[in-house]
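Peer 1: Take this structure first; my questions come after.
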Amino acid sequence: MRTHKDILRTEMTPPQALEILKEGNLRFLNNIRINRDLLKLVDEHTESQAPFAAILGCSDSRVPVEIVFDQGLGDLFVVRLAGNIASINAIGSLEFSCKLLGSKIIVVLGHTSCGAVKAACDKTYLGNLETLVKSIEPAVHDESVAHLKRDSNDKDFLKKVTILNIRHQINTIYHESEILREMVEKGQIILVGALYDVNSGEVQFLDPMD
Ligand SMILES: [Zn+2]
């Protein structure tokens with residue numbers, strides 16, 4: 001079984017990092033886990049960290065990032081906010097992971113049945129969540145196919161908005177971060193979207209044109 005330990009972090013390429021995440025999700029789907037000595041990993045990371053991937057995911061309890069990608073301690077730099085929102089603080093965290101810690105890939109990981117995306121579809125505002133929900137609304141506006149039922153009860157509409165939101169957050173990262181944009185343009189990192197299916201546990205990486 002190939003793991004990232006077989007590839008030196010400093011020599012890992014962005015496509016290899018993507019492949020390792022795909023393989024990890026495949027293990028998860030097959031109920032196979034790498035047997036890690038977590039306390040040994042604690043010892044190995046006392047002085048430093050070099051996570052190979054940075055993930056911007058949702059806070060949803062059904063999408064624990066290390067578990068669904070079968071990764072261990074020190075592997076992933078994870079930012080989680082409801083709706084996988086690329087807030088300025090989230091972008092700063094991703095810059096830290098890629099520029100200073102050497103992560104090779106950023107994944108914006110949305111998921112099906114996302115409560116934050118549903119709230120944006122339904123214009124449900126609650127306290128401080130309003131700002132967050134409004135960050136998802138451009139994706140609702142961009143969904144141009146559904147004309148009749150435009151609420152979260154329409155599963156097709158909800159999924160389309162979820163994917164558009166992933167793309168919107170990717171664009172926000174790209175345009176708001178000069179550091180990350182330059183790293184993407186130089187081929188030092190890749191910036192990809194992915195959708196986690198809460199029914200199956202599968203992570204589907206999005207093609208640029210999906
Ligand atoms: Zn969610």
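The values are calculated or read from the model by the stated rules, or taken from the named source; none is laboratory data. Model, not experiment: these values are computed from the prediction. Heads up, the Cβs are rebuilt from the backbone with ideal geometry, glycines too, and the neighbour counts pull from every protein chain shown.
Peer 1: Here's a check for you: in segment 109-140, which residue that is within 12 Å of the ligand (Cβ to nearest atom) and among the β-branched types (Val, Ile, Thr) is nearest to residue 193 (Cα to Cα)?
Peer 2: So, considering only residues that are within 12 Å of the ligand (Cβ to nearest atom) and among the β-branched types (Val, Ile, Thr), the one nearest to residue 193 (Cα to Cα) is 112.
Peer 1: Does residue 81 satisfy the criteria of being surrounded by fewer than 17 Cβ atoms within 10 Å (Cβ to Cβ), within 16 Å of the ligand (Cβ to nearest atom) and in contact (Cβ under 8 Å) with a residue 40 or more places away in the chain?
Peer 2: Considered against the rule, which asks whether it is surrounded by fewer than 17 Cβ atoms within 10 Å (Cβ to Cβ), within 16 Å of the ligand (Cβ to nearest atom) and in contact (Cβ under 8 Å) with a residue 40 or more places away in the chain, residue 81 comes out as no.
Peer 1: Turning to a different aspect of this structure: Kindly list, by first and then second residue, each pair from a residue in segment 171-196 that is among the charged types (D, E, K, R) to a residue that is buried (at least 20 other Cβ atoms within 10 Å of the Cβ) and outside any strand (DSSP E or B), limited to pairs with Cβ atoms under 6 Å and residues at least 6 apart or on different chains.
Peer 2: Qualifying pairs under 6 Å: 176/91.
Peer 1: Something else about it: Restricting to segment 123-157, count the residues that are in a helix (DSSP H, G or I) and more than 22 Å from residue 87 (Cα to Cα).
Peer 2: Total satisfying the criteria: 3.
Peer 1: Six or more apart or on different chains, Cβ under 7 Å: which pairs go from a residue in segment 101-128 that's at pLDDT 95 or above to one that's hydroxyl-bearing (Ser, Thr, Tyr) and away from the ligand (no atom under 14 Å from the Cβ)? Could you list them?
Peer 2: Close Cβ pairs (under 7 Å, with a partner that is hydroxyl-bearing (Ser, Thr, Tyr) and away from the ligand (no atom under 14 Å from the Cβ)) amount to 103/97; 104/13.
Peer 1: Residues in segment 92-106: is at least one within 16 Å of the ligand (Cβ to nearest atom) and at negative phi?
Peer 2: Checking segment 92-106: not a single residue is within 16 Å of the ligand (Cβ to nearest atom) and at negative phi.
Peer 1: Can you find a residue that is hydrophobic (A, V, I, L, M, F, W, C) and within 16 Å of the ligand (Cβ to nearest atom) anywhere in segment 146-153?
Peer 2: no
Matching residues to (1) part of a strand (DSSP E or B); (2) more than 23 Å from residue 175 (Cβ to Cβ); (3) not aromatic (Phe, Trp, Tyr):
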residue: 78; (1), (2), (3): yes, no, yes
residue: 90; (1), (2), (3): no, no, yes
residue: 118; (1), (2), (3): no, yes, yes
residue: 121; (1), (2), (3): no, yes, yes
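Peer 1: Give the number of residues within segment 6-38 that are of a type in the set (A, V, I, L, M, F, W, C), outside any loop (DSSP other than H, G, I, E, B) and modelled with pLDDT under 95.
Peer 2: Total satisfying the criteria: 1.
Peer 1: Of the conditions (1) buried (at least 22 other Cβ atoms within 10 Å of the Cβ); (2) of a type outside the set (S, T, N, Q); (3) within 13 Å of the ligand (Cβ to nearest atom); (4) farther than 19 Å from residue 177 by Cβ, residue 75 satisfies every one except a single condition; which number is it?
Peer 2: Only one criterion in (1) buried (at least 22 other Cβ atoms within 10 Å of the Cβ); (2) of a type outside the set (S, T, N, Q); (3) within 13 Å of the ligand (Cβ to nearest atom); (4) farther than 19 Å from residue 177 by Cβ is unmet by residue 75, namely (3).
Peer 1: Next up: Scan 195, 180 and give me the residue that is outside any helix (DSSP H, G or I), closer than 24 Å to residue 98 by Cα and not small (Gly, Ala, Ser).
Peer 2: Matching residue, one of 195, 180: 195.
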